[in-house]
Every structure is written in C-alpha cells, then in structure tokens.
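These notes concern the structure reproduced below.
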Amino acid sequence: MSSRGAQLGRAALVGAACGLVGVAAMTLGEKAEQAVTKRPNSYVPARTLLALTGRSPGDGPQSPIWNHAVHWGTGAVLGALRGVWAVVAIRGPLANVKHTVVRLAFDQTLENVTGVGAPPPTWPRQEQLIDVAHKAVYSLVTGMAADALITPDLESRRGTTSH
C-alpha cells in the first residue's frame, strides 16, 4: 500500500489528465455554440494571463495561444483538484455541480482581480447562461472521467457528520 501523499499525487495527475479531456469537450461545445449563436471569441482569458505576467493587454483581440494556455492550464489545474476529490470520495453529480462553481469562481476571480473582466452580474443573462453551461460541461466530463478512473481509496471513515 502506498502512502497517502503518493495516492493524492497520483489522483491529482490523473485528475489533471481528466481535466484536459473536460477542456476538449468544453471547447468543442463552445465552438458549436458559437457557430449557432455567432458569438465572437472572447479574449478575456488571454488578457487575464497577460495581466498576470505583468503585461498591459488592450481590449482588442489577443493571440489565441494565450487563450489556449489559460483554458488548458486552468482545466488541468482544476482537474487535479477534481482528481483529489475523487480519491477522497467527493464524487458523483453533486461533486460535479460543486466543481462547476469552483471553475466559474476561479475564472471570474482572476479576470476581475486583474481588472480585465467585467463583473459577471453586469453581463447579459444570455452570456451568463452560456458561461455556466460551458463550465458545467467541463466539470461534468472531468468529474465523470475522474470518478471512473480513480477509486475512492482515501475515503474517510471518521463518522457521518461534519463536526
């Protein structure tokens, strides 16, 4: 039997890979939605990364490489979190819903801390729904993959209440 730390590390690595699968699904969904709605690409992820690296991005289009770095990097990092959740038995549909909230909060926090994003409550309702839907796809696919590939070997047996 391996150490707890090693199991958590393995779960994080598998979760990161699951997160990349989730990003692929989210990206396909985004492109399909954009083809139907004619919604343009958003460059807020690229501007966020540029701002985090000390640059001053303008409001115009940015290199898609920066957008991809943010999408895939965030997907892997938050996939690692979902992998850890899976090994400690935070799993299933409720975990996927909670993970969607984490993904939304992570993106929106960075976008607004850097000053490049508009506060989500100011967005048109349709844009809010689209963002939530795409992040939900990411979390659902990531979570289903993590739950399928990672056994809950570190589930706590310390009781049935939180206190």
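Things worth noting here:
- Among residues of the range 105-129 being surrounded by 19 or more Cβ atoms within 10 Å (Cβ to Cβ) and either hydrophobic (A, V, I, L, M, F, W, C) or not in a helix (DSSP H, G or I) (or both), the one that is modelled with the lowest pLDDT is GLY117.
Let's see how each residue does on (1) among the charged types (D, E, K, R); (2) within 26 Å of GLY115 (Cα to Cα); (3) at pLDDT 95 or above:
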| position | (1), (2), (3) |
| --- | --- |
| MET1 | no, no, no |
| GLY5 | no, no, yes |
| CYS18 | no, no, yes |
| VAL21 | no, no, yes |
| ALA25 | no, no, yes |
| GLU30 | yes, yes, yes |
| GLU33 | yes, no, yes |
| TYR43 | no, yes, no |
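- Filter pass, ALA95 being touching a residue at least 24 places away in the same chain (Cβ under 8 Å) and crowded, with 20+ Cβ neighbours inside 10 Å: no
- Against the list (1) touching a helix residue (DSSP H, G or I) at 6+ places or on another chain (Cβ under 9 Å); (2) not in a helix (DSSP H, G or I); (3) not β-branched (Val, Ile, Thr), the condition TRP66 fails is (2).
- One residue from ALA76, ALA89 being more than 18 Å from GLU127 (Cβ to Cβ), in contact with a Gly (Cβ under 9 Å, 6 or more places away or on another chain) and not acidic (Asp, Glu): ALA76
- Of the residues screened, LYS31 is not one that is loosely packed, with under 12 Cβ neighbours inside 10 Å and on the phi > 0 side of the Ramachandran plot.
- Residue match in the range 75-92 (condition: farther than 18 Å from ALA12 by Cα and surrounded by 18 or more Cβ atoms within 10 Å (Cβ to Cβ)): no
- Candidates are the residues of the range 34-74 that are charged (D, E, K, R) and free of Cβ contacts under 8 Å to residues at least 60 places away in the same chain; the one that is surrounded by the most Cβ atoms within 10 Å (Cβ to Cβ) is ARG55.
- For ALA35: the one exception among (1) assigned to a loop (DSSP other than H, G, I, E, B); (2) among the small types (Gly, Ala, Ser); (3) over 18 Å from THR74 (Cβ atoms): (1)
- Number of the condition not met by SER156 [criteria: (1) outside any helix (DSSP H, G or I); (2) surrounded by 14 or more Cβ atoms within 10 Å (Cβ to Cβ)]: (2)
The values are calculated or read from the model by the stated rules, or taken from the named source; none is laboratory data. Nothing here was measured: the structure is a model prediction, and the numbers come from that model. Quick reminder, even Gly has a Cβ in these numbers, built from the backbone with ideal geometry, and neighbours come from all protein chains shown.
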